[in-house]
Each structure stands twice: as C-alpha cells, then as structure tokens.
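Here is the structure we will look at.
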Amino acid sequence: MIRSLVGPILGLLSLNVVDASAAPCLTPTASCMEYVAVRGPARVAVYRSHSLTTPAQDITHAINAIHGAERDAATSFRIAMAATVLRGRPDQALVIAPRFLSRAGMTALFPPEQ
C-alpha cells in the first residue's frame, strides 16, 4: 500500500502542485485533509500542510510522515509540523501524513452491508 502512495505523492511534488501562498495547516483537522488516488477507485486520506491541487513555487522541502502500528496519522502530522515550525519555515514545507486504516478501522468507518 505504501509503495502505491509514493508515486502519486512524488508526482505532486515534482509538478509543484502545492499552494504555499495560503497559510499552512498546522493541526490535523478535517480542513487539512485531502484524498489521494492510488489505484483505480482506491484512495488514501492524507493530512497535508498545503493544498495538493494548486500550483506553488515556494515549497522547498517535503516531509512524508508515515505513522506506525498505532495508525495515528494525526500525531505523525503534528510531529512533522512541529519540526517545520521549529525550523521557522512551515510555509516552505509540504507535510503529508497518510492515514492508512487497518481492516478493523475500515469496518468501523464503512460497516458491511447487511
């Protein structure tokens, strides 16, 4: 699953499709989440610091924060954003934290039809 997400993310970065002119999202809220298509109809929710659909030239760094077994993308996003804030340039860094769900998480969000 991770390999299928790397290509679309690298593609977005190489095309400079991130709008750094807007203020960066600093916290993992619903307004800081987008979906990235990975294969066919499949898509992955990602927290992102800047929009992934608007061109930008100011982004100089990117952090792809992959969560661990706890599957807490919000915490991974917070930690990566803290690093950009401490550096003093959150406006120049694209932070992406994909939210990979376990089978249990998928079932909780999308219960099977009866």
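Read the figures in this text as sums done on the coordinates, not as results from a lab. A quick note: this is a predicted structure, and the numbers were derived from the prediction, not measured. Note: ideal-geometry Cβ built from the backbone for every residue, glycine included; neighbour counts use all protein chains shown.
Electrostatic bookkeeping for residue 72 treats Lys and Arg as +1 and Asp and Glu as -1; over the other residues with beta carbon under 12 Å from its beta carbon, the sum is +2. The length gained by stretching the chain between residue 42 and residue 100 to full extension, at 0.36 nm per residue less their Cα-Cα distance, is 19.7 nm. Label positions at residue 72 and residue 60, each projected 7 Å from the Cα along the C-beta direction, are separated by 3.2 nm. Taking 0.36 nm per residue of sequence separation and removing the Cα-Cα distance, the residue 22/residue 89 pair yields an extension gain of 22.8 nm. Sorting 95, 38, 46 from the fewest to the most surrounding beta carbons within 10 angstrom yields 38, 46, 95.
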